[in-house]
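Please read the structure below before turning to the comments.
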Amino acid sequence: MTYREWRRGESTVLVIPSNVDMKVISVNVGLPREVAWDSGSVRTGIYKQPVRGPVRVQRLNLVGDKQADLSVHGGPYKASYAYPAEHYAYWCRELGEELPWGMFGENLTTEGLDESTVGIGDRFRVGTAELSVTQPRVPCYKLGIRFGRPEMVKRFLNSRRTGFYFAVAQEGEVDSGDPIELIARNENSLTVAEIFRLYAFETDDRETLQKAVQLEALPESWRGYFQEQMQRISR
């Protein structure tokens, strides 16, 4: 169960039921490595391993963690990647194998958060750090390399179980077992699931596109893409 919303007059009020346990299940880091791919090799930072903390969260990454290709990975809007632990049961059934935490390249394996309730711009206290949700994850081919399944990127996208990226609003330390506390939310935002739906599935939703292009917490690259979508459907 995750947090829900109810309406009071014209305002949307966030309600977190007392039985919701939002916390970090695992902290995962890894340095780039060369791996075999397509009769050659490729450098990737997707291989993450659980570590015992506390681990320092810095503006661009966690200590002990780096990205290989900074043109598409990392940066202030992708400083940390979170993936819900609840999704692992689905993937274990789909793939017929057990999966270790960090398998999706996430830095934080979380409990109690999911794409349908986490909003763009939501700010959380995680350990002593403060993290702000920026965008869903759209993986590259390296996810297929990690799983040894070239079709994994397509399966991942079709599942809509994308996880989400954080920007670091305040540096600090995180550890497995740390509680996750929602400390700020823009009530006019869109959820991670809504942004991804707009990107990959319902690309002609003019009303939601209009809302997305005005969402300041969403990175400029995403807003620019949605602006182009609006122009396309207006022709």
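Data table
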{"read-out": "Which numbered condition Asp205 fails, given (1) among the acidic types (Asp, Glu); (2) free of Cβ contacts under 8 Å to residues at least 12 places away in the same chain; (3) closer than 20 Å to Gln58 by Cα", "value": "(3)"}
{"read-out": "Number of positions in the stretch 183-199 that are touching a strand residue (DSSP E or B) at 6+ places or on another chain (Cβ under 9 Å) and either surrounded by fewer than 17 Cβ atoms within 10 Å (Cβ to Cβ) or within 19 Å of Ser234 (Cα to Cα) (or both)", "value": "6"}
{"read-out": "Exclusive hit being without any contact (Cβ under 8 Å) to a residue 60 or more places away in the chain and either touching a His at 6+ places or on another chain (Cβ under 8 Å) or among the charged types (D, E, K, R) (or both), set Glu115, Glu111, Glu130", "value": "Glu130"}
{"read-out": "Only listed residue being closer than 24 Å to Thr117 by Cβ and either of a type in the set (D, E, K, R) or touching a Lys or Arg at 6+ places or on another chain (Cβ under 9 Å) (or both), chosen from Glu228, Glu181", "value": "Glu181"}
{"read-out": "In the stretch 132-154, the residues that are assigned to a helix (DSSP H, G or I) and touching a helix residue (DSSP H, G or I) at 6+ places or on another chain (Cβ under 7 Å)", "value": "Leu143, Gly144, Met152, Val153"}
{"read-out": "Filter pass, Arg206 being surrounded by fewer than 20 Cβ atoms within 10 Å (Cβ to Cβ) and among the charged types (D, E, K, R)", "value": "yes"}
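The numbers here are math on the coordinates, done by the rules we state, and not lab data. All values derive from a computational prediction rather than experimental measurement. Note that we place each Cβ from the backbone using ideal geometry, even for glycine, and neighbour counts take in every protein chain shown.
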